[in-house]
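J.: Starting off with a structure, shown below.
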Amino acid sequence: MYSILSVDVEDWFHILDVPSAPQISEWDALPSHVEKNFMKLLDLFSEANVIGTCFILGYVGRRFPNLVREAGSRGHEIASHGYAHRLVYQMSPREFYDDALQSKQVLEDIWGEPISGYRSAGFSVTQGLPWFFDKLVEAGYRYDSSVFPAVREHGGMKGGSYGPYMVTTAAGRILEFPITLANVLGRGICFFGGGYLRLFPYFLVKRMGRSVEQEGRPVVFYVHPREIDPNHPRLPMNFKRRFKSYINLSTMEGKLRKILRDFPVTSFAQFIAADGQFLEGEG
């Protein structure tokens, strides 16, 4: 079974829900690190001869259209991370739709091909947002990877399916790929991206990944460009958030190289094209 490699393409200052996070009106004036860091990731992927899905923030696409074209030209799938990196549960249905649509249109104008996939900022869809999937379908998306099927700081959907499933809405159907959790003593724990991947030792990440594969589920790995840059600027924040945001940055590149060595990975689009057996399930 193939695992899925994904990158949430955003900059060092796109950290959610901290008082020091700059407003979108300030972003253009800040020094950007996303270009050099994302290019480093693309080179790493080329070295390993793998492709993945790049969930690109619409703002980043507008500011750095060359990154969209470069990722696409190397065979990676271009997908949407929304436009303004806002938590879903802090938006109205209309605001969310407009943000998701704007990002899709910006990326399609740059890349010239339809954008099928979406991932929300902070995996911030919750059970209290019954309109989420409807609005994605209305905006023209075919699959989503925003559901974190457990409680977390930015929402989560406790009790949700751990494997891919189809959601039927009034607007149509959309395929959901939840963020991968492994079963540990009856509890779902994430080991496979962001701060979780940086926190846990690689031998445990690998072991838990193998257990997910044995259950017949793909492992969805995810990384942010800033995570392979230990020297990127820091935002002021409390100890808890600082720990989550910056723990073990120096280990991420090495862990990612081991993942690409030990797990066959592909993009969401290629995974869907190669294995549609789960599409009959309903969410």
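J.: Report the dimensions of segment 134-214 along its three principal axes from the alpha-carbon atoms, largest first, rounded to Å.
T.: Sorted largest first, the three principal extents are 43, 27, 21 Å.
J.: Here is a follow-up. State log₁₀ I(q)/I(0) for segment 1-83 at q = 0.18, 0.21, 0.24, 0.26 Å⁻¹ as given by the Debye formula over alpha-carbon point scatterers of equal weight, solvent excluded.
T.: Calculated log10 I(q)/I(0) at the listed q: -0.76, -0.98, -1.20, -1.36.
J.: How long are the three semi-axes of the equivalent ellipsoid of segment 167-283, in whole Å, if each is the root of 5 times an eigenvalue of the C-alpha gyration tensor, listed from largest down?
T.: In descending order the semi-axes read 29, 18, 15 Å.
J.: Quick one: 3J(HN,Hα) in Hz for segment 260-265, Karplus 6.51/-1.76/1.60 with θ = phi - 60°, rounded, Gly and Pro as x.
T.: With coefficients 6.51, -1.76 and 1.60, one gets 5, 7, 9, 10, x, 10 Hz.
J.: Follow-up question, since we're still on this one. Given Ile189, Phe38, Val137, which one lies farthest toward the positive end of the charge dipole of the chain, if we put +1 on the Cβ of every Lys and Arg and -1 on the Cβ of every Asp and Glu?
T.: Checked the options; the winner is Ile189.
J.: Kindly write out, for segment 182-188 in residue order, the coupling ³J(HN,Hα) from the Karplus curve 6.51 cos²θ - 1.76 cosθ + 1.60 (θ = phi - 60°), rounded to whole Hz, with x marking Gly and Pro.
T.: Going residue by residue, I get 9, 7, 10, 6, x, 10, x Hz, with x marking Gly and Pro.
J.: First obtain the Kirkwood hydrodynamic radius of segment 56-143 from its Cα pairs, then insert it into the Stokes-Einstein equation at 37 °C and 0.692 mPa s, and state the resulting D in µm² per second as a whole number.
T.: Taking Rh from Cα pairs, D becomes 254 µm²/s.
J.: With no solvent and one point on each alpha carbon, what is the Debye value of log10 I(q)/I(0) for segment 116-164 at q = 0.19 Å⁻¹?
T.: Each listed q maps to, in turn, -0.59.
J.: So what's the back-of-envelope 222 nm ellipticity for the chain, counting only DSSP H runs of four-plus at -39500 (n - 2.57) apiece and dividing by all residues, rounded to 500?
T.: Counting only the DSSP helices, I get -11000 deg cm²/dmol.
J.: Whole number please: convex hull volume per residue, Cα atoms of the chain, in Å³.
T.: Spelled out: Cα convex hull of the chain, divided by residues, is 124 Å³.
J.: Beta carbons within 10 angstrom, averaged per residue: use that to sort the peptides 73-82, 234-243, 202-211, highest first. Don't jump to the answer; show the numbers that get you there.
T.: Working: 73-82: 22.8, 234-243: 12.8, 202-211: 16.2.
Per-residue mean Cβ counts within 10 Å order the peptides as 73-82, 202-211, 234-243.
J.: Right, something else. For Asp262 and Ser161, what does the FRET efficiency come to when R0 = 30 Å and r is the distance between their Cβ atoms, rounded to the nearest 0.05?
T.: 0.70
J.: Taking 27 Å as the cut-off for C-alpha to C-alpha distance, list the pairs among Lys36/Lys258; Lys135/Lys206; Lys36/Lys255; Lys104/Lys244; Lys40/Lys206; Lys104/Lys258 that go past it.
T.: Beyond 27 Å: Lys135/Lys206; Lys104/Lys244; Lys104/Lys258.
Each value in this text was obtained by applying a stated rule to the coordinates, not by laboratory testing. Since we're looking at a predicted model, the values are computed, not measured. Cβ: placed from backbone, ideal geometry, glycine included. Neighbour counts: every protein chain shown.
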